[in-house]
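The values are calculated or read from the model by the stated rules, or taken from the named source; none is laboratory data. Model, not experiment: these values are computed from the prediction. Glycine also receives a Cβ, built like all others from the backbone with ideal geometry; neighbour counts cover every protein chain displayed.
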Amino acid sequence: MQQTNKLELLKEAISPVSWDNGSYSFYSLTISLKGTATIEALKNEKENANCFVTLIHEYVHFIQNFTTTFGFTNFITYIDLFAVFFGENILLNHDPAIPIQKGIVDTKFGNKNFANFMKCAFLGIEKNGAGKFVFQPTSEKDFTIIESTIKNTYWSKDVPISYIAYQRKLIPLNEFVASENMAIVASYLSSGLSLDEAKKTISKWGIEYHIIYSFLNNIFPNKNCFKLTYIISEISLLIPPYTKIIADILMYLSSYIERFDKLNEDEIIGDIKKKVKFDIALPIILKETNNQLDERILTFTKYEKQYEFYIYLKEVLNLFKRGLAERATSSFTYRDNFDSSFLDYYGKIINSPILIFSDEKKTMLGELSDEFINSIAIFSGVLTVFLQTYFNKINKCPFVSNNSLCAHTKGNECLTNPFSIYVKEEYRGCLFYNSLNIIGLKKPGRV
């Protein structure tokens, strides 16, 4: 294949999340692969499948979710919010039975509601009416770092955040930006392109996907800034305070350009690790995180007979146990070539989210037990219902597609009035029915 043709295929294959070719949802543990992605192509063509690069990009987000301290704290905050939300809802003696934005329980939460929680993922970034990112304007010179603070609406407090000036915009150094810079590097390093060819196209993506890389490439044009970007971003998701760590590292590097220019990439990374006391901090952080994880698992075990959802939640939390154990032995997930062996290796450790293809067929990576598949399906189903009911009025079952996780035969009720399935024996045991039962929305007299 000619290089120019390969570049065109790459452009189609690695469109970032906001461009709709792929997405990972930690809210429901799913990876959606759009465009022309099919199970058959991935199975038969592996690295040559046109969806492979996108899969690598999104699977790196899954790794960020289940092997970093940021991923754990973010996830467990979400689960706590979810659990309290539904716990409060099922105690209501009147409608609405389902949790809705600005409803009774949501209002009771005040600033600690789900909408504010989701905003925290994009600190420093606004969205316009079309859902596209809008950055603050600036007259600062490109690659100037501006230190600041910002209001975290969920925790109702000011937190540190820094911005990089680029093309007359201020790009925040938040966890989302670090995550996307890390994932876009993996995309390129799974594409088969040379580093020189990759350098020619990376700036074509949205600024938020390459700002860390572009900053590093500006001060170290002769270094492998793909490797530096990936590992520096990964460090910032492991050592809190996350937004301060990434800014401190970049300012440190830009203050000693001449010295670092004489070092190779591994030596630069070693110096950074000493600067942030990485080897000292990480074992302490992992131990504290594991302690929190063990406490949650014990609590959920205590109440799992009363709340069935905790059974499936424990299965998901065990992924964190394995992911954090892997971090204790191997600090970084970087490799020069993100091929199928990368998926095979981590698939054996933290398994797989649900892969949803463009034809709506679904699968998971690796050889998984029926118990695990069932747990993830139920977990995903319950949290899918949560998102649907919070932001939208459900007028059709979220699992109505023919190739969905729900194997039940679909009927007219699934498309018109999914809550009516409670009075129909033939739907007993379908995924929507089970999800509603598990979260406690079904009460006598309530449909």
- prompt: Among the residues of segment 334-385 satisfying the criterion of being part of a helix (DSSP H, G or I) and polar (S, T, N, Q), which is farthest from C225 (Cα to Cα)?
  reply: N374
- line: Of the residues in segment 388-447, those that are in contact with a strand residue (DSSP E or B) (Cβ under 7 Å, 6 or more places away or on another chain) and either aliphatic (A, V, I, L, M) or at pLDDT 70 or above (or both) come to L405
query: Across segment 155-194, which residue is surrounded by the fewest Cβ atoms within 10 Å (Cβ to Cβ) among those that are aromatic (F, W, Y) and free of Cβ contacts under 8 Å to residues at least 60 places away in the same chain?
result: W155
- prompt: Name the residues in segment 265-309 that are in a loop (DSSP other than H, G, I, E, B), within 20 Å of S331 (Cα to Cα) and either among the β-branched types (V, I, T) or touching a residue at least 40 places away in the same chain (Cβ under 8 Å) (or both), would you?
  reply: V276
Failed condition for V134, given (1) of a type in the set (A, V, I, L, M); (2) farther than 19 Å from N174 by Cβ; (3) modelled with pLDDT of 75 or more; (4) exposed (fewer than 13 other Cβ atoms within 10 Å of the Cβ): (2)
- line: Filtering segment 247-268 down to residues that are surrounded by 14 or more Cβ atoms within 10 Å (Cβ to Cβ) and in contact with a strand residue (DSSP E or B) (Cβ under 8 Å, 6 or more places away or on another chain) yields A247, L250, S254
- prompt: Out of all the residues in segment 216-224, is one or more under 30 Å from N21 (Cα atoms), assigned to a helix (DSSP H, G or I) and touching a helix residue (DSSP H, G or I) at 6+ places or on another chain (Cβ under 7 Å)?
  reply: yes
- prompt: Right, L189: touching a Ser or Thr at 6+ places or on another chain (Cβ under 7 Å), over 14 Å from T243 (Cα atoms) and among the hydrophobic types (A, V, I, L, M, F, W, C) or not?
  reply: no
task: Would you mention how many residues in segment 332-348 are more than 15 Å from G71 (Cα to Cα) and in contact (Cβ under 8 Å) with a residue 40 or more places away in the chain?
output: 10
